[in-house]
Number of protein chains: 2
Amino acid sequence: MAQKPSIPKGTRDFGPAEMAGRNYIFDTIRSVFKTYGYAPIETPSMENLSTLLGKYGDEGDKLLFRILNSGDSFSGIDFSEYHIEGDNYNSKALSLKVCEKGLRYDLTVPFARFVVQHQNEISFPFKRYQIQPVWRADRPQKGRYREFYQCDVDVIGSRSLLNELELVQIVDRVFRLFDVNVLIKINNRKVLTGLSEICGFPDKVVDITVAIDKIDKIGLEAVEAEMKEKGLDDAAVEVIRPVLSLSGTTAEKIEVMRELMNGRSASGIVSDTGLKGLEELEELFGLIGAAGIEQEVEIDLSLARGLNYYTGAIFEVKAKDFPIGSICGGGRYDNLTGIFGLPNMSGVGISFGADRIYDVLKGLDKFPSEVKSTTKVLFANMGSDELKYLIPIVKGLREAGVSCEIYPESGKLKKQFEYADRKSIPFISITGGDEIAAGTVNLKNLSSGEQKNFSKDDIQAILDFLIG
Amino acid sequence: MAQKPSIPKGTRDFGPAEMAGRNYIFDTIRSVFKTYGYAPIETPSMENLSTLLGKYGDEGDKLLFRILNSGDSFSGIDFSEYHIEGDNYNSKALSLKVCEKGLRYDLTVPFARFVVQHQNEISFPFKRYQIQPVWRADRPQKGRYREFYQCDVDVIGSRSLLNELELVQIVDRVFRLFDVNVLIKINNRKVLTGLSEICGFPDKVVDITVAIDKIDKIGLEAVEAEMKEKGLDDAAVEVIRPVLSLSGTTAEKIEVMRELMNGRSASGIVSDTGLKGLEELEELFGLIGAAGIEQEVEIDLSLARGLNYYTGAIFEVKAKDFPIGSICGGGRYDNLTGIFGLPNMSGVGISFGADRIYDVLKGLDKFPSEVKSTTKVLFANMGSDELKYLIPIVKGLREAGVSCEIYPESGKLKKQFEYADRKSIPFISITGGDEIAAGTVNLKNLSSGEQKNFSKDDIQAILDFLIG
């Protein structure tokens, strides 16, 4: 007997119940994207390694899944060239020799590649969404998979802050549809640049950003320690500290920051970039006010986000009633396509974390009940005459959009009922000789117990009973 | 300047227009599957090579994309063990050493693996559909890709012919929704087995099937020549010949075949398996009659289909008005999960060829017009006051399900109109100071030229204008 089969570690099978929840999430998000004029694209799962390498840092390069070239891939290689000592070989160089392709690591780099490659076919501003799996050879652990879906929405080729507003509106709408309360946090990367300037360490903006990005996880003191480790002095930390715990309204926070950027900090340095960032935040919050966003939106000057390609607004979304970290994030980038030779294309985007959103909806019991059952009615199979009587009736119901099953085998009703029960099918029909003689169909609501016979031609009455 | 980027040969990018067509196809098929009680599953893109190897023949093994193990994958290997001569190495053995995983080659083997692995969680009969990409390292050519979607629907754990009927009903319904006329051809593998028995070469059933499978491509004479090459004698070919060109009604064809299987062929041999196959065909066509299938369905005794795991009904679907070969195919198998240690699980399934269906719908101009444009209305951007006036109005329309865009930059209207034109947006709104003063919204139907102003609060009137 063969061994029970398994799947590679870090990957998952999704059965019908999980798929129903996942499709509900994707369908909802997709329907909102569509009302904002975003259109789908898909890129190949494999990209040339030359497209992927060097885009995610050294660590990222190591996490790429590489695909062995087809055919006689190991002949013609002089392995001695790659030999180090003993039975150690230079795996990095050898893998480049035998692998030309790798699996997509995220949707951002393929999107940038797509825009550059198809720039002459695209109408800019280009509003696209993309929902596809990505692969990372990370060490699998709870909540971290080697294959997972990303769900990205981006507009490229427009600097207007209306785009930032619309992303906030999309987040607001999606989570209202999910009936989940979220907090949308917004900052601007230019303000972080300004902060590095006014504290006197303009070349440390990346170190400062990376440190601040950890504030939720490690706390203010550890962030300050990390900044000092990276070479900031006490005076610089003194300038940054109050910013990270700023309170008050959006207008108040912006006002305090404007003072600081205008040379009123201890250093007396003025930052034009910082002032520009504050102006953008002010304009965006003005639009947010006009739009009547229903979820909570706040300015968070400690929000950093690790990715270095952001140059303007940055976003992060958290569920208010379920502790799971960030469930959406994104921001504006000014030079994403520059790596492929198309400079000066500003864009802004946001990514929805489908796995975490699934956990939130499940944890808060927010999946609608329709999501939980796929079939509305099970017609019991009473034999071949009954079957031929039912087939056209069931066809009519299906074409009216009702999901129906006829149990495929006639035989013990108990077994048929158990099937309905295991699949959470809410209605059952036992239509036999009496019903055929009367030209009727029997239907029973399994949760209320209500049972009725309907004329087989009165589809409308049947629909009302099933839906009402 | 970087070189213009590209994608691996045999792979494709799908832009918004192609995605709209593809999503229409998948959504339609999925909606029909759902009304028949089929539920989605998804399996990982990567499977262990031990799951995939040996399931598709030697040729298939060569076409698997293999994934290089992560980490220091080449150290610890004694390459001399794999050396053949000169700089030739045993690539097959070496690739097994450095690759444990491969990309999914089809959806059938992963489905069988899924059923065996999750047999204790599944309610049988298990009705599942699966729409995911598969990968094959085939030589790319017109219409043949290295990454393409399969769209499979199967029920496993039931021998009832009602399942075969429902697959025919699904095909009928899907292509009626697409407004495409198809011919559904049905045969039964047991009849082919019977044929090999009555012609006296029961051990040649695979050779006979493979030869007959080519009849559409190479013609009757070449099929006969191939059968002789495989060792059949003239007398055997004489027995098979009339069957391959049988005409008449379904009942007439079955009657002729029953005579032959009952020992009335030149050989005088009786085939119980052949008779059983005819009985199944007769029962299935009885159900098809009861179901009122609207597309053309015919019995085709020359229909073979190459795959050897079929054991009962086999199906093939062709578009009647567009020459492109088979667009759906499938059949019943009795032992698919046996390879993974779960014997005696009979199932039946069918696969929709999404790429070919796309070509058919495009070739026959059958994509609905809604599929061609994603955005219904473009609101021109006349400046920041107009923008703030429009934002809540547009929000209301979006929440009513209308896809709207506000052009993100204010500026030349000509550029904004060009954007609407390139995206085939059917309505435009130029709402400026006069409209704001009057509390109205302007809308223009770009195809009819009709233009009207609506009270900004009368969403219903606006919807009627946009949809009516």
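Some observations on this one:
- Qualifying residue in region A:131-150 (condition: modelled with pLDDT of 95 or more, more than 15 Å from the chain's Cα centre (by Cα) and farther than 30 Å from B:W135 by Cβ): no
- Boolean, B:A235 is open to solvent by less than 70 Å² (accessible area, probe 1.4 Å) and touching a Ser or Thr at 6+ places or on another chain (Cβ under 9 Å): yes
- Condition check for A:D359: open to solvent by 20 Å² or more (accessible area, probe 1.4 Å), more than 13 Å from every other protein chain (Cβ to nearest Cβ) and assigned to a helix (DSSP H, G or I): yes
- Some residue of region B:174-181 being part of a helix (DSSP H, G or I), within 14 Å of chain A (Cβ to nearest Cβ) and buried (at least 21 other Cβ atoms within 10 Å of the Cβ): yes
- Hey, A:K34 more than 7 Å from every other protein chain (Cβ to nearest Cβ) and either under 30 Å from B:R30 (Cα atoms) or modelled with pLDDT under 95 (or both) or not: no
- Residue in region B:273-309 that is farthest from the other protein chains (Cβ to nearest Cβ), counting only those that are in contact with a strand residue (DSSP E or B) (Cβ under 8 Å, 6 or more places away or on another chain) and open to solvent by 60 Å² or more (accessible area, probe 1.4 Å): B:L307
- Of the strands (runs of 3 or more DSSP E) lying entirely inside region B:1-101, those carrying at least 3 residues that are open to solvent by 20 Å² or more (accessible area, probe 1.4 Å) are B:83-85.
- Among the candidates A:G15, A:G57, residue that is without any contact (Cβ under 8 Å) to a residue 24 or more places away in the chain, facing another protein chain (nearest Cβ under 7 Å) and farther than 17 Å from A:Q132 by Cα: A:G15
- Residue satisfying condition, being within 13 Å of another protein chain (Cβ to nearest Cβ), of a type outside the set (K, R) and closer than 30 Å to A:D321 by Cβ, within set A:V377, A:V371: A:V371
- Cβ pairs under 9 Å, 6+ apart, first in region A:94-105 and on the phi > 0 side of the Ramachandran plot, second open to solvent by less than 10 Å² (accessible area, probe 1.4 Å) and hydrophobic (A, V, I, L, M, F, W, C): none
- Residues of region B:396-410 include none that is closer than 15 Å to B:I25 by Cβ, of a type in the set (A, V, I, L, M, F, W, C) and surrounded by fewer than 20 Cβ atoms within 10 Å (Cβ to Cβ).
- All positions within region A:182-207 that are part of a helix (DSSP H, G or I) and over 11 Å from A:I240 (Cα atoms): A:R189, A:K190, A:V191, A:T193, A:P202, A:D203, A:K204, A:V205, A:V206, A:D207
- On inspection, B:G21 fails the criterion of being in contact (Cβ under 8 Å) with a residue 24 or more places away in the chain and either at the interface with chain A (Cβ under 9 Å from one of its Cβ atoms) or at positive phi (or both).
- Of residues in region B:411-420 being open to solvent by 10 Å² or more (accessible area, probe 1.4 Å) and under 19 Å from B:K452 (Cα atoms), the one farthest from the other protein chains (Cβ to nearest Cβ): B:L413
- Residue match in region B:407-418 (condition: touching a helix residue (DSSP H, G or I) at 6+ places or on another chain (Cβ under 9 Å) and of a type in the set (A, V, I, L, M)): no
- Taking first residues from region B:70-81 that are more than 7 Å from chain A (Cβ to nearest Cβ) and partners that are loosely packed, with under 13 Cβ neighbours inside 10 Å, the Cβ contacts under 9 Å between residues at least 6 apart in sequence or on separate chains come to B:E81/B:A93.
- The lone exception for A:R159 - which of (1) part of a strand (DSSP E or B); (2) surrounded by fewer than 19 Cβ atoms within 10 Å (Cβ to Cβ); (3) at the interface with chain B (Cβ under 10 Å from one of its Cβ atoms); (4) not acidic (D, E) it fails: (1)
- Options B:G347, B:G329, B:G325, B:G341: the member that is within 19 Å of the chain's Cα centre (by Cα), open to solvent by less than 40 Å² (accessible area, probe 1.4 Å) and within 13 Å of chain A (Cβ to nearest Cβ): B:G347
- Residue identified as at pLDDT below 95, β-branched (V, I, T) and either over 25 Å from B:I357 (Cβ atoms) or assigned to a helix (DSSP H, G or I) (or both) among B:V210, B:V171: B:V210
- Residues of region A:421-449 that turn out to be within 14 Å of chain B (Cβ to nearest Cβ), in contact with a strand residue (DSSP E or B) (Cβ under 6 Å, 6 or more places away or on another chain) and closer than 21 Å to A:K388 by Cα, as a count: 3
- Within this structure, B:F148 passes the test of being more than 8 Å from every other protein chain (Cβ to nearest Cβ), in contact (Cβ under 8 Å) with a residue 60 or more places away in the chain and assigned to a strand (DSSP E or B).
- For A:I122: the one exception among (1) among the β-branched types (V, I, T); (2) surrounded by 20 or more Cβ atoms within 10 Å (Cβ to Cβ); (3) at the interface with chain B (Cβ under 9 Å from one of its Cβ atoms); (4) under 25 Å from B:T375 (Cα atoms): (2)
- For region B:102-118, filtered to residues that are surrounded by fewer than 23 Cβ atoms within 10 Å (Cβ to Cβ) and facing chain A (nearest Cβ under 9 Å), the residue that is farthest from B:F65 (Cα to Cα) is B:H118.
The values are calculated or read from the model by the stated rules, or taken from the named source; none is laboratory data. As the structure is a computational prediction, the values presented were derived from the model and not from experiment. When we count neighbours, we look across all protein chains shown, and the Cβ atoms used for this are built from the backbone with ideal geometry, even at glycine. These accessible areas exclude ligands, DNA and RNA; they are computed on the full protein's heavy atoms, side chains included. Shrake-Rupley method; radii C 1.70, N 1.55, O 1.52, S 1.80 Å.
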